[in-house]
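S.K.: This structure is in structure tokens; I'll ask about it shortly.
The values are calculated or read from the model by the stated rules, or taken from the named source; none is laboratory data. Here the structure is a predicted model, which is why all the values come from computation and not from measurement. Cβ placement follows ideal geometry from the backbone for every residue including glycine, while neighbour counts extend to all protein chains displayed. Note: areas computed on protein heavy atoms with side chains; ligands, DNA, RNA excluded. Shrake-Rupley method; radii C 1.70, N 1.55, O 1.52, S 1.80 Å.
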Amino acid sequence: MTFEIAPINSCSNLKNRLLLLIAFLLVSTLVNAQNPNVLWYNTPSKNWDAAHPIGNGRLGAMVFGDVVNERIQLNEESLWAGSKADGNANAAAFLPLIQEKLLTGHIGEAKELAESYLKGPFMRIRSYQSLGDIRIHFFKDKRSTPDFESYRRSLNMREGIAEVDYSYDKVLFHREVFVSAVDDVLVIRLKASKPGMLTFKLDLSRSQDAIVKAVSSDELELLGQIVDLPDKDASPKGLHMKFSGRVIGKNKGGTLQTVNNSFWVENADEVVFYMTAATDYSFEKMDIDRSIDPSKVTESIIANVVSKSYEAIKMAHVNEHTALYDRVKFSLGSKLEKEDLPTDVRLSKVKAGGEDLFLTTQLFQFGRYLLMSSSRAPGKLPANLQGIWNEYMVAPWNSDFHTNINLQMNYWPADVTNLSETFAPFADLVHKMREPGAITAEKTFGAKGWTVNHLTNVFGHTSISDGVGWGTFPMAGPWLVTQLYDHYQFTGNQEFLENILLPTMQGSVEFVLSFLVKDKNGYYVTAPSNSPENTYILPNGEKHMLTYGATMDIQIARALLIAFLEIAEERKELEHLVLQSREVLSALPPTKVSARYGIIQEWLEDYEEAEPGHRHISQLFSLYPGKEITSRQPELFEAAKKTLNRRLEYAVKGEGFYTGWSRAWMINFFARLKDGEGAWKNILEMKRQLILDNLFDTHPPFQIDGNFGLTAGIAEMLLQSHEGEIELLPALPTSWDTGEIKGLMARGGYEVSMVWAEHKLTQVEIKSLRKNNVRLSYLGRSYSFSMNAGESLSLVLNKDRLKRK
């Protein structure tokens, strides 16, 4: 395969050419230093979680920016160890006895029975894996040549490009790395200001289960198959997923050739590499498919780009990427925008006690950038615990899809920050889980419909995992479905309603109606289950996780049934489910307030908590992301405040801890409580304790959900639409006295832009995506306007009232 790289524009005079390049780079540096969409650093990354993430939803990479030994770590979304396997326990026949023991207070006996009968043939899944690494080795003579100067690496979030610039021996070197969604390739471009100055070796490698071979003089291929060794706790051993990674290189000037697992480049002016990868995984089957040849897939992708110029590929990438990114713009009018500071220096100043509003706006956009980069076409899978970026063969928590909050949190910002396309992989996965989830419902819980417990993977794993206490969470499926409904409230997409939401919700409702049992008070409750990962203490001192009727379970069931009734009420074919849903809904236990502490009870009984500062705050599901607890229920609203204060109090004492995602959840909670100062305090604490130098959230270790939760929380501070009206600036902190947000979305299909000064709105623009009556709320006053599809409404504040402009 051959093609030409467009020539470098040249000046007749070499000196003038060099001066022009220096001027260009200096101007670029000054502009980008003040650009809210650019993260930049004046040192290379020394470790993985300081590198720059780039991705197109299917392919991901981490760019380190080292001058002499560059590393670009690679990922492909479907490269998982393991295989499709039934991990379900045949527990249905024993479930009534377990339920009886739980409902009659014999928790210890219920636990023993659960340990005997709820465990399947394996209790652990295998991990999402790294594809490998590209390493670029340059020559530096330490004896006689000068050191590197003017170093700068950056990530342009708006354009989706990582760059590295430096000078060496009076020569300027420039690298660009990006992953194109249009062409489905990773692109690496290297150039120098002086002809013939690029001499280096580029390696393609993987630490296990793969070989690399030269396909031609300008092309390498990595070929592999995951070998899963025997593990008594994990899914079956065997020779499993096959994969391919392919790199082609093209040079301007000098020479380029392949040798072993490397490219050897000498005296080139400019070099471009294109890389892609594939596996024999089929999302449609949720299984390995041997009819897929990964090598042919990568060959086909590369064949589609070789006839294009680098400029054309880059332009197509930038145009596609910015079209999504530019939908939302956010500024807090910070004076710090003019400070020429690297991102890590900004962060260090915050960790030392500063605030930095400018960095806050960058973190907001970084969350949007990460979601765009890890969850959209050409990818098919949702963002996992690490999005799409993982350097390990056995990752922390297997980098799986954790469904007891983490996967859900990944998608909290999708609709409100105007990236509804990124929600599709999440919705598709939930929809596909109906089939394996039906097996779990029947075999383990003796129920109809479908569900999943506290985690899943690319093979549709839905059974109890990681232990009975942690893993028994059958209300994860219904929780996922409530999020599908919330997405529908934003978009109103009828095709989504009929093809995805309704069939998925129907199966989830069938599960809930057949799984719930009546307790001694005549309430419908879940049994068995747990309040995610938390432990309670019985009066006799026993500690347990397994329970019945956990508050979160009931809140999820209520949210699901209410949503179902809203879309199924007039459908005759669902009349029997509608009648059952009404009956069960009326007999669910209420959310209770503890007589001892005045907080929302986490369990149906007012148990003592083993960890009062626990990272999960599951009993507040109905505050956020749910919609049940609002200021219209004053008792629950006040109890929710006390619940958060108690959690934070014990966390400060060290009797609990806060992960990045837990702190992000706090931001959303305080926003829903209309407490802007509380939300801002948690943003500051998150920046000071739980944000890494590259702005990744840390659990610790790195876990991406906190980034997404932070972005969602900031949006929730500025706009809320869960109570049937659009509330403007509901939780604005004192320090955010001036600002502008453009392009947020509200339920009902509205795009909202706002400008404020001295803590008051000055301008509002609402664009309606469909014909409707829009209801607005600001400063305790409500407004209603009739709007047609595509119509925009401009308002200004006049004597504390919103009026048409």
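S.K.: Please work out the FRET efficiency for the pair Ala312 and Ala377, using the Cβ-Cβ distance as r and a Förster radius of 25 Å; give the result to the nearest 0.05.
M.R.: Result of the calculation: an efficiency of 0.80.
S.K.: How big is the charge dipole of the stretch 513-635 about its Cα centre, in debye rounded to the nearest 20, if each Lys and Arg gets +1 on its Cβ and each Asp and Glu gets -1 on its Cβ?
M.R.: Values: 12 positive and 18 negative charges, 28 e Å.
Dipole magnitude for the stretch 513-635 comes out near 140 debye.
S.K.: About its Cα centre, what dipole magnitude does the chain give when the only charges are +1 on Lys and Arg Cβ and -1 on Asp and Glu Cβ, stated in debye to the nearest 20?
M.R.: The dipole magnitude comes to about 1460 debye.
S.K.: Here is a further query. Over the stretch 682-734, what number does the Rg to Rh ratio reach, with both radii from the alpha-carbon atoms and Rh per Kirkwood?
M.R.: Dividing the radius of gyration by the Kirkwood radius yields 1.09.
S.K.: Which residue, chosen from Ile439, Thr504, Pro701, occupies the Cα position most advanced towards the positive end of the dipole of the chain, where the dipole is computed from +1 (Lys, Arg) and -1 (Asp, Glu) charges on Cβ about the Cα centre?
M.R.: Result: Pro701.
S.K.: Expressed as cubic angstrom per residue, what is the convex hull volume of the alpha carbon set of the stretch 444-518?
M.R.: Measuring per residue, one finds 110 Å³ for the Cα hull of the stretch 444-518.
S.K.: Tell me the accessible surface of Tyr325 in square angstrom (1.4 angstrom probe, heavy atoms of protein chains only), to the nearest ten.
M.R.: 0 Å²
S.K.: While we're looking at this one, here's another question. Counting pairs of alpha carbon atoms under 8 Å apart in space and at least six apart in sequence, what relative contact order in percent does the stretch 519-647 give? Provide the component values of the computation, followed by the final result.
M.R.: Working: 168 pairs, mean separation 37.0, N = 129.
For the stretch 519-647, the relative contact order is 29 percent.
S.K.: If you don't mind, there's one more thing I want to ask. Using heavy-atom solvent-accessible surface (probe 1.4 Å) with all chains present, what is the largest-first order of Lys572, Lys653? Please report the intermediate quantities before stating the final value.
M.R.: Numbers: Lys572 175, Lys653 115 Å².
Solvent-accessible surface, decreasing: Lys572, Lys653.
S.K.: On to the next question. How long is the gain from Ala352 to Asp800 if the chain were fully straight, where each residue apart is worth 0.36 nm and the alpha carbon distance is subtracted?
M.R.: Going from the current span to full extension adds 157.4 nm.
S.K.: Another question, then. Per residue of the stretch 174-189, in order, report the coupling 6.51 cos²θ - 1.76 cosθ + 1.60 (Karplus, θ = phi - 60°) as ³J(HN,Hα) in whole Hz, putting x for Gly and Pro.
M.R.: 9, 10, 10, 9, 8, 10, 8, 6, 5, 9, 6, 9, 7, 10, 10, 10
S.K.: Give the span of the stretch 97-210's Cα atoms along each principal axis, as three whole-Å numbers ordered largest to smallest.
M.R.: 81, 34, 28
S.K.: Could you list, bin by bin from short to long, the percent of Cα-Cα pairs of the stretch 510-580 in 5 Å steps?
M.R.: P(r) over the stretch 510-580, rounded to whole percents: 3, 14, 21, 20, 17, 10, 7, 4, 3, 1, 0.
S.K.: For the stretch 527-585, what's the relative contact order in percent, using C-alpha pairs closer than 8 Å and at least 6 residues apart? Mind showing how you got there, number by number?
M.R.: Working: 46 pairs, mean separation 15.5, N = 59.
Computed over the stretch 527-585, the figure is 26 percent.
S.K.: Another question, then. Of all alpha-carbon pairs in the stretch 330-437, indicate the percentage at a distance above 17 angstrom.
M.R.: Values: 3631 of 5778 pairs.
For the stretch 330-437, the fraction of Cα-Cα distances above 17 Å is 63 percent.
S.K.: Grab the Cα-Cα distance for Asp86 and Ser150, subtract it from 0.36 nm times how many residues apart they are, and report the gain in nm with one decimal.
M.R.: 17.4 nm
S.K.: Tally up the carbon and sulfur contribution to the accessible surface of the stretch 426-576 as a whole percent, 1.4 Å probe, everything protein left in place.
M.R.: Carbon plus sulfur share of accessible area: 47 percent.
S.K.: Sticking with this one: Pairwise over distinct Cα atoms, reciprocal of the mean inverse distance: report the Kirkwood radius of the stretch 214-357 in Å, one decimal place.
M.R.: Numbers: mean 1/r = 0.0498 Å⁻¹.
Evaluated on the stretch 214-357, it is 20.1 Å.
S.K.: For the stretch 65-76, take each phi angle, set θ = phi - 60°, evaluate the Karplus expression 6.51 cos²θ - 1.76 cosθ + 1.60, and give the result in whole Hz per residue in order, putting x for glycine and proline.
M.R.: Listing the rounded values in order: x, 6, 6, 8, 10, 6, 10, 10, 7, 10, 9, 10 Hz.
S.K.: Please compute the per residue accessible area over the chain with all protein chains in place, 1.4 Å probe, rounded to a whole number of Å².
M.R.: Dividing the accessible area of the chain by its residue count gives 37 Å².
S.K.: Around Leu172, which amide H atoms from residues at least 5 apart in sequence, or from another chain, sit under 5 Å from its own amide H, with H modelled in the peptide plane?
M.R.: It is Ser193, Lys194, by chain and number.
S.K.: Okay, next question. For the chain, report the convex hull volume of the alpha-carbon atoms normalised per residue, in Å³, without decimals.
M.R.: Normalising the Cα hull of the chain by residue number yields 172 Å³.
S.K.: As I understand it, the value is the acute angle between the Cα axis of helix 357-374 and the longest principal axis of the Cα atoms of the chain; what does it come to in degrees, rounded to 10?
M.R.: Tilt of helix 357-374: around 90 degrees.
S.K.: Step through the residues of the stretch 415-424 one at a time and calculate ³J(HN,Hα) from phi using the Karplus curve (6.51 cos²θ - 1.76 cosθ + 1.60, θ = phi - 60°), rounding each to whole Hz and writing x for Gly and Pro.
M.R.: 7, 5, 9, 6, 10, 4, 4, 5, 6, 4
S.K.: While we're here: Listed here are the pairs Lys314/Lys767; Lys46/Lys170; Lys592/Lys760; which of them are more than 29 Å apart at the Cα?
M.R.: Lys314/Lys767; Lys592/Lys760
S.K.: Further question on the same structure: Return the calculated 222 nm mean residue ellipticity for the chain, to the nearest 500 deg cm²/dmol, obtained by summing -39500 (n - 2.57) across DSSP H runs with n ≥ 4 and dividing by the residue count.
M.R.: So the calculated ellipticity at 222 nm is -9500 deg cm²/dmol.
S.K.: Hey, another quick one. Rounded, prolate or oblate: which fits the stretch 152-291, taking a ≥ b ≥ c as square roots of the Cα gyration tensor eigenvalues, rounded meaning a/c under 1.5, else prolate when a/b beats b/c?
M.R.: prolate
S.K.: Here's something else I'd like to know. Rank these residues by their accessible area, most exposed first, probe 1.4 Å: Glu533, Glu442.
M.R.: Glu442, Glu533
S.K.: Treat every Asp and Glu Cβ in the stretch 357-507 as -1 and every Lys and Arg Cβ as +1, leave all other atoms uncharged, and give the resulting dipole magnitude about the Cα centre to the nearest 20 debye.
M.R.: My answer is approximately 80 debye.
S.K.: How much length, in nm to one decimal, is gained on full extension between Lys232 and Ile562, taken as 0.36 nm per residue of separation minus their Cα-Cα distance? Write out the running numbers ahead of the final one.
M.R.: Details: separation 330, 0.36 × 330 = 118.80 nm, distance 4.26 nm.
Fully extending the segment from Lys232 to Ile562 adds 114.5 nm.
S.K.: At R0 = 56 Å, how high is the FRET efficiency between Ala214 and Glu495 if r is their beta carbon distance? Nearest 0.05 is fine.
M.R.: Working: r = 47 Å, r/R0 = 0.84.
The value I calculate is 0.75.
S.K.: To the nearest 0.05, what FRET efficiency results for Leu779 and Ser331 with a Förster distance of 30 Å applied to their C-beta separation?
M.R.: It comes to 0.85.
S.K.: Taking the simple approach of a point 7 Å from Cα along Cα-to-Cβ for both Arg582 and Glu320, what is their distance in nm?
M.R.: 5.0 nm
S.K.: Is the shape of the stretch 395-500 best called rounded, prolate or oblate, per the rule: a/c under 1.5 gives rounded, else a/b larger than b/c gives prolate, else oblate, with a ≥ b ≥ c the square roots of the Cα gyration tensor eigenvalues?
M.R.: On the way: a/c = 2.28, a/b = 1.46, b/c = 1.56.
Verdict is oblate for the stretch 395-500.
S.K.: Sticking with this structure for a sec: Leaving ligands, DNA and RNA out of it, report the carbon-plus-sulfur percent of the accessible area of the stretch 336-379 at a 1.4 Å probe. Mind showing how you got there, number by number?
M.R.: Details: 680 of 1270 Å².
About 53 percent, which is the carbon plus sulfur part of the accessible surface.
S.K.: Mind checking which lysines have their C-alpha under 21 Å from Lys432, skipping anything on the same chain fewer than 8 residues away?
M.R.: Lys84, Lys285, Lys380, Lys443, Lys448
S.K.: To the nearest 10 square angstrom, how much accessible area does Phe138 have with a 1.4 angstrom probe?
M.R.: 40 Å²
S.K.: Before anything else, pin down the relative contact order of the chain: Cα pairs under 8 Å, at least 6 apart, normalised by residue count, whole percent. All intermediate terms of the calculation are to be shown ahead of the outcome.
M.R.: Numbers: 1829 pairs, mean separation 96.8, N = 805.
That works out to 12 percent.
S.K.: Hey, rough spin-label estimate for Gln225 and Asn304, points 7 angstrom out along Cα→Cβ, what's it come to in nanometres?
M.R.: Once both label points are built, they end up 2.7 nm from each other.
S.K.: Just report the Cα centroid separation between the stretch 383-401 and the stretch 257-308, whole Å.
M.R.: With the stretch 383-401 and the stretch 257-308 each reduced to a Cα centre, they are spaced 22 Å.
S.K.: Mind pulling the per residue volume of the convex hull built on the Cα atoms of the stretch 596-651? Å³ is fine.
M.R.: About 80 Å³ per residue, rounded to a whole number.
S.K.: Hey, what angle do you get for helix 705-718 against the long axis of the chain, alpha-carbon based, 0 to 90 degrees rounded to 10?
M.R.: 70 degrees
S.K.: Can you tell me the order of 303-312, 705-714, 743-752 when each peptide is scored by its average per-residue count of other Cβ atoms within 10 angstrom, highest first?
M.R.: 705-714, 743-752, 303-312
S.K.: While we're here: Mind running the shape call on the stretch 507-633? Use the C-alpha gyration tensor, a ≥ b ≥ c as the square roots of the eigenvalues: rounded below 1.5 for a/c, prolate if a/b tops b/c, oblate otherwise. Kindly include the intermediate steps, with their values, before the conclusion.
M.R.: On the way: a/c = 2.33, a/b = 1.77, b/c = 1.32.
In terms of gyration-tensor shape, prolate.
S.K.: Can you send over the solvent-accessible area of Ser753, 1.4 Å probe, protein chains only, in Å² to the nearest 10?
M.R.: 30 Å²
S.K.: While we're here: Rank these residues by their accessible area, most exposed first, probe 1.4 Å: Met123, Met787.
M.R.: Descending order: Met123, Met787.
S.K.: Note down the nm distance, to one decimal, between modelled labels 7 Å out along Cα→Cβ at Asn540 and at Asp428.
M.R.: That separation, rounded to one decimal, is 5.2 nm.
S.K.: To continue, here is another question. List the residues whose amide H sits under 5 Å from the amide H of Phe473, counting only those 5 or more places along or on another chain, with H placed 1.01 Å from N in the peptide plane.
M.R.: Under 5 Å from the amide H of Phe473 lie the amide H atoms of His454, each far enough along the sequence or on another chain.
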